[in-house]
Each structure stands twice: as structure tokens, then as C-alpha cells.
2 protein chains.
Amino acid sequence: MPPFIPENFLPYLLNQAAEQTSLAFSTVYRDRYNMLRTEWRVLFHLGHYGDMTASDIARLSKMHKTKISRAVKALEDKRFIAKRAASEDRRRDTLSLRPEGRRAFDDLCAIAARHNARLLAPFSPGERLILLDCLQRLSGLADSAPDSSRL
Amino acid sequence: MPPFIPENFLPYLLNQAAEQTSLAFSTVYRDRYNMLRTEWRVLFHLGHYGDMTASDIARLSKMHKTKISRAVKALEDKRFIAKRAASEDRRRDTLSLRPEGRRAFDDLCAIAARHNARLLAPFSPGERLILLDCLQRLSGLADSAPDSSRL
DNA sequence: TCTTGTTGGTTACAAATGAGACTTTATTCT
DNA sequence: AGAATAAAGTCTCATTTGTAACCAACAAGA
């Protein structure tokens, strides 16, 4: 086990890495679409996984529901997404991307993909595989991902 | 290069991993010492690297100076650290741990080390090496670490 | 010396967040 | 059916954070 120094303390290391890697991209969605990170995340979930309710997003992204509620309202105001009452349960609203939101999603995704590639570029393919795998296990994202349950 | 899906997007992945891994430990310093994360970080820097000024901590940790200023004040109120005017430059204050702060640091460090070991336990030694190395490179922490400049 | 610019640190105000109460609708149990 | 419980989502308030202005001390140049 490596020695306990700041450079080996995972919570600290992950936080720093997260901030460093998020910085450049956050200016993109902020400057281009005046979005906050939570809004970009909600947009991303809807664009990637398709229509879903706020609580679906909460389960997937592990964000608190109040954060999502606020992001949804902001995205509605921007005309990026639309709400419609979910078929049976009148408590739920199904969220979906409007054409304008789809365009923003496509645009941002292209930039995000490039950004991600640049971030991963310094690592060897083997390192990339291990890094991503470790992070997925640490993040607990695989636990609730919709795709993994369909295997 | 891996496909661009949420589970491979580093900023998102790192954020989720950071939140997951920080959660358990944040309750420790909060419940035991009523500290915020920024306070724990400042305490940690002083405990690990020795006396330094607020701007030293800012450079090392890449935290904004207002955050540090507030954390320093809170730690002073808790009697964990003390300020004294830095020798020459009367703008700077050298920060140092009081005995009480040292005790808290030792206590929290022991718990943090155990926590870190538990987080790293699921990975093989090879994975650990690569994970930590990748994260250090992504975090930019190595850039300004005082030890690396002494090599 | 007297400006001009820079740095360390604090303060003030606006914006974002978290925790929990609250409303409405669905579910379960008797 | 009626009461109790739970879930989806919103709202409110206290806490935390970010941005920028600010003050004091230093530094450099005319």
C-alpha cells in the first residue's frame, strides 16, 4: 500500500483532478449557452439516454433532486427541454430535448469528446483502460447505469 | 481511444469518484471537529508540510485565496492554528498548528489513511500504481509540490 | 521621492448548494 | 372505502462559494 501523503490520498487527488479537467470545458457550456454544470449534466443525460424523468436522472447521476429540479427549470426557460406528464403517474414529468436542446447537446458533445480525447492522450492505451476502469469502480456509476442492467 | 459515453468522460467520472470517495470521510471531520472540507484541507497542509503562509497553501492546493482566508479564520476560532507576522514582509502571516490542531491533524490523518487504504484495497498493486500516477498527472499536483522541486 | 504597479490578504455582495418542509398523487393495508 | 405511508417534484431558508472590489505593504522606475 502506498504511503499516506497528499499525492496519494484519493479523495483529494480525485477532487483536484476533477477540478483541473472540468475547468476548460465548463467555460465552453457557460460561454456558448450560459449553462451551469448541473444544466449541462441534465442535458447530457437526456441527450444520451433519451427521455426520462427527473428522478431517473437523480438515480443515474446521483445528483440531489433539488439540483435537478432547478436545472430542469433553467433548461425549460432556455427552451432546450420540454416537460410532458408521464403517461400513468401524474406526479412524474417526462423530460425530452427540444430541437434547440438537441443542437446544443450535439454541439457540446462534439467538443466534450475532443476535450476528453485530449485529456486521455498523454496516457498509453493500457493506462487508459486501467484508469477508466478504476474510476468507474470508484464512482459507483456502473451500479445504476441502465445499459449494464440489460446485459 | 475509448468511445465517448458518460462512463468514459473524465470530468464527469472524476467528479463522481471524488464525491463518492469524499463522502464517508467528510462526515468524520464534520462530526468530530465541526470542520468544513476547506478547513480540513488547510489543516492537512499545515500538518503535512509544516508552517506556511496562506498563499503558499493556495499555490499548493490550487484553492482560491478567499476560501483559504475563511478556512484560516474558522481554524483560528477553533484554536487549531495560530498566525504570526512573517519575518520580513508584513503582509504575510505565517500559519502554524497549535497543539490542539496537531492533535486533530494526527487523529484525522490516522482515519484518512485507513479510509484511503480501504478505497485502494479493491485494486491490484499494479492498478494502484497506474491509478495514482494517472491521477497525479491529471491533477497537476506534482507541478507545484514542494518535494518534487527538491529532487 | 513620488508615482505606478504588484502581491498578500480581507470584505461585501451575488450566485449556487444542501437540508428539510411541503403539495400532490400513487400505493398499501385494514 | 378510508387511513396511513411513500414517492415525485417544488419551495424555503441557512450555509457555502465565487467574483470583484478593496486595503495595506512592498517593489521598481523616473
- request: Place the label 7 angstrom along Cα→C-beta at A:ARG59 and in each other copy, then list the distances from the first to the rest in nm, shortest first.
  value: 5.0
- request: Quick one: go through the range B:18-54 and flag any residue whose amide nitrogen is under 19 Å from the point 7 Å out along the Cα-to-Cβ line of B:SER87.
  value: B:50-54
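Apply the Kirkwood formula to the protein assembly as shown: the hydrodynamic radius equals the inverse of the mean of 1/r over all pairs of different alpha-carbon atoms; give it in Å with one decimal. The partial results should precede the final answer.
Numbers: mean 1/r = 0.0473 Å⁻¹.
Computed over the protein assembly as shown, the radius equals 21.1 Å.
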message: Suppose each label sits 7 Å from its Cα in the direction of the beta carbon; what would the B:LEU23-B:ALA142 distance come out to in nanometres?
response: 3.1
field: Two-decimal ratio, the range A:17-143, of alpha-carbon radius of gyration to 2.2 N^0.38 Å
entry: 1.14
- request: Report, as an integer, the average count of C-beta atoms from other chains found within 10 Å of each Cβ along A:57-64.
  value: 1
query: Which distances, in nm and shortest first, link the A:GLU88 label point to the same label point in every other copy, taking 7 Å along Cα→Cβ?
result: 7.5
field: Average beta carbon contacts from partner chains per residue of A:125-137, 10 Å cutoff
entry: 6
query: Net charge near B:ALA104, counting Lys/Arg +1 and Asp/Glu -1 over other residues with Cβ under 15 Å of its Cβ?
result: +2
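Exposed loop sites here are trypsin sites (Lys or Arg not before Pro) in DSSP loop states with at most 12 other C-beta atoms within 10 Å. What is the longest stretch of chain B lacking them?
It works out to B:1-78.
Taking 0.36 nm per residue of sequence separation and subtracting the Cα-Cα distance, how much length would be gained by fully extending the chain between B:GLU76 and B:ALA117, in nm to one decimal?
On the way: separation 41, 0.36 × 41 = 14.76 nm, distance 3.07 nm.
Here the answer is 11.7 nm.
Computed from the coordinates by the stated procedures, all read-outs in this text should not be read as laboratory data. Because the structure is a prediction, the values reported are computed rather than measured. With ideal geometry, Cβ positions are generated from the backbone for all residues, glycine too; neighbour counts draw on all protein chains shown.
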